[in-house]
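Have a look at the structure below before the remarks.
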Amino acid sequence: MDTPDRSARSERAVIDPDTPWYQTPFFGRLIALAFPPLGLVLLWANRNLTRRHRMLAAGALILYLAPYTVAIIWLLVALGGVEVEWRGGLGPSLVRRKTAPNYLELETDRAAQEARLAEAAPTAPAPEAYWTDFRGPRRDGHYTEQPILTEWPAHGPPLLWRQPCGGGYASFVVGQGHAFTIEQRRDEEAVVAYDLDTGIELWAHRYPARFDHWMGGEGPRATPTYHQGLIYSLGAAGELCCLGAANGRLLWRKDILADNGAANLVHGMAASPLIVDDRVIVLAGDAAPGKSVVAYHRLTGARIWSVLDDKQAYASPLLADLAGRQQIVIASATRVAGLNPEDGALLWDYRWRVPNDNSICSPLIIGTNRFLISAGYGAGCALVEIARGANGLTATEIWRNRNLKNKFNPSIVWQNHAYGLDEGVLCCVDLATGERRWRDGRYGYGQLLLASGHLIILSGEGQLILVRADPLGLVELARVPALSGKTWNVPALAHGRLLVRNGAAMACYDLRPFGGLSLEGASKPAP
């Protein structure tokens, strides 16, 4: 009986007489004993060996070199040649310098601004406040105030100003002609107001606070909220402040962790305060029973109600109309829920659990009775419908899959499609079916907005990119460098000015069309 396996092994064992001496098994073994890495490389390259033996040689080489590689990296880090920075992927990145504020440069810049502020001419009356919340007035990333410039010059849209800033991951809100954010400045958190057109610092409210995480980095995470001349900010360690937008005067403050018997989350407080009528809604971390969602009076700070036993997560709450009922929608560590704004009563819930409780992206409202929720860490996405029944509101899952995995980069919903960064790659998902239309273009763990039918993407490396929102495929129109280093902060867009920042610098671009003229008047030159 023929035995092809034995025959094949015999054929592989015969050495071709024309084989070079340096590829013979004897020479390979000799080198492997004298210098293992080179010997393993020669074994891997030896075509006379079986594929299995060559793969074993490659694996042995990797195992042999692994401790030396780790030792070299450790030595480079110890000597200051490179630094380790987490940028959102599966592992850390080696960089020449981590994205962190240069406090000396920042302080020098702000000292120089004091003279400019004294000499500044009176500004025109500010337009009506528009970008007042995290990701815009509806917290959905849509900019609809006016058209934007969609044909960028080769060097990018006009730059109004660029300057250093403090650390952290907050975005901006805009009101009264001022741009507001919160930064880490040495051992203090600072809520800061900037002139929108010049970038000059107008005021800063500081208090002792410093949050730092070995993976996420330092600084506050939650974007402030602007409402009727007041700023509501939440620091990474739970300091909730109500400030006058015109001058930064403190009206009231609360330590929401201490006030609710709560422990901080691993990555700090990151959910932006939400204003609903006379209430400011906050998520109080890992709070005592009945105190994980809290409503304070927005003018006095007095507690109005507190509800739920959930451990909270990092997603900001939002106000929505679903199934004909106004409600506060939250995503906690274990579920998405709708609450009555009057008393916090639970209206419905949908189980949504993300590994390590890393629910970061807020739900996106779809039409009148649905929402889309998504997360990375293998969770995927789901479309959920809220319906009114005899016993109140219920939540029903329409579809669920892993076609869109937003880690901490909320998607945009536009014309029945969702556009989002699926673990750093831009993709488009059909909301009717949940099917992915396309997945293309690596933008890292950045953020995106929608304006005039276009996606404005701020990549994880600080590139500013303009992409047409097209379900047929990726159409990238322009790309310019805006910032340097890790950039996780969400852009903001108000009165045609695009505000971008990371943990070291901030900038403002003019996206008003019509040759620098906006619907409200002429563009001011960059300082």
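Rule-based calculations on the coordinates, nothing more; no lab input. Everything numeric here is computed off the predicted structure, so don't read it as measured data. Cβ: placed from backbone, ideal geometry, glycine included. Neighbour counts: every protein chain shown.
Arrange the following residues from fewest to most other Cβ atoms within 10 Å of their Cβ: Arg512, Arg325.
If I rank by nearby Cβ atoms, fewest first, I get Arg325, Arg512.
Report, in listed order, any pair from Lys98/Lys405; Lys405/Lys486; Lys98/Lys486 with a Cα-Cα distance greater than 18 Å.
Checking Cα-Cα distances, Lys98/Lys405; Lys405/Lys486 exceed 18 Å.
Show me 457-463, 373-379, 150-156, 168-174 ranked by packing, highest mean number of other Cβ atoms within 10 Å first.
168-174, 457-463, 373-379, 150-156
Which of the peptides 446-456, 346-356 is most tightly packed, and how do the rest follow, judged by the mean count of other Cβ atoms within 10 Å per residue?
The most tightly packed comes first, giving 446-456, 346-356.
Output ³J(HN,Hα) for region 444-459: one whole-Hz value per residue in order, computed from phi by the Karplus curve 6.51 cos²θ - 1.76 cosθ + 1.60 with θ = phi - 60°, and x for Gly and Pro.
Ordered by residue, 3J(HN,Hα) equals x, 8, x, 9, 8, 10, 10, 8, 6, x, 10, 8, 9, 10, 9, 5 Hz.
Working out 0.36 nm times the residue gap between Leu56 and Glu114, then minus their Cα-Cα distance, what length gain in nm do you get to one decimal?
14.3 nm
Shape verdict for region 235-362, please, from the Cα gyration tensor: rounded (a/c under 1.5), prolate (a/b greater than b/c) or oblate.
The shape class here is oblate.
How would you order 218-224, 473-479, 254-260 from highest to lowest mean count of nearby Cβ atoms within 10 Å?
Taking the mean over residues of other Cβ atoms within 10 Å, the ranking is 218-224, 254-260, 473-479.
Tell me the label-point distance for the pair Asn247, Asp440, using the 7 Å Cα-to-Cβ offset, in nm and rounded to one decimal.
For the pair Asn247/Asp440, the computed spacing is 5.6 nm.
Compute the FRET efficiency between Arg303 and Gln326 as 1/(1 + (r/R0)^6), taking r as their Cβ-Cβ distance and R0 = 25 Å, and round to the nearest 0.05.
Once the sixth-power term is evaluated, E becomes 0.70.
What are the ³J(HN,Hα) couplings of region 481-496, residue after residue, when phi is run through the Karplus curve with 6.51, -1.76, 1.60 and θ = phi - 60°? Round to Hz, x for glycine and proline.
Calculated HN-Hα couplings, in order: x, 10, 9, 10, x, 4, 10, 10, 6, 6, x, 10, 9, 8, 6, x Hz.
Could you name the lysines in cross-link range of Lys291, using Cα to Cα under 17 Å and dropping any fewer than eight places away on the same chain?
Cα-Cα hits under 17 Å: Lys254, Lys311.
List, in order, the whole-Hz ³J(HN,Hα) value for each residue of region 162-177 obtained from phi through the Karplus relation with A = 6.51, B = -1.76, C = 1.60 and θ = phi - 60°; use x for Gly and Pro.
Per residue, the Karplus-derived 3J(HN,Hα) values read 8, 7, x, 8, x, x, x, 10, 6, 9, 10, 10, 10, x, 6, x Hz.
Would you mind working out the magnitude of the charge dipole of region 318-407 relative to its Cα centre, with +1 at each Lys and Arg C-beta and -1 at each Asp and Glu C-beta, to the nearest 20 Debye?
In debye, rounded to 20, region 318-407 gives about 420.
Any chance you could run the full-extension gain for Leu90 through Thr433? It's 0.36 nm times the residue separation minus the Cα-Cα distance, nm to one decimal.
Full extension of this stretch gives 120.5 nm more.
Which order do Met506, Met215, Met269 fall in if you start with the one that has the fewest other Cβ atoms within 10 Å?
Met215, Met506, Met269
What is the distance, in nm, between label points placed 7 Å from the Cα along the Cα-to-Cβ direction at Ala345 and at Thr368?
Taking the simple label geometry, Ala345 and Thr368 are separated by 2.3 nm.
How many angstrom lie between the C-alpha centres of region 85-146 and region 188-265?
14
Using the Cα centre of region 414-512 as origin and beta-carbon charges of +1 (Lys, Arg) and -1 (Asp, Glu), tell me which of Gly444, Pro471, Leu483 is placed farthest towards the positive end of the dipole.
Leu483
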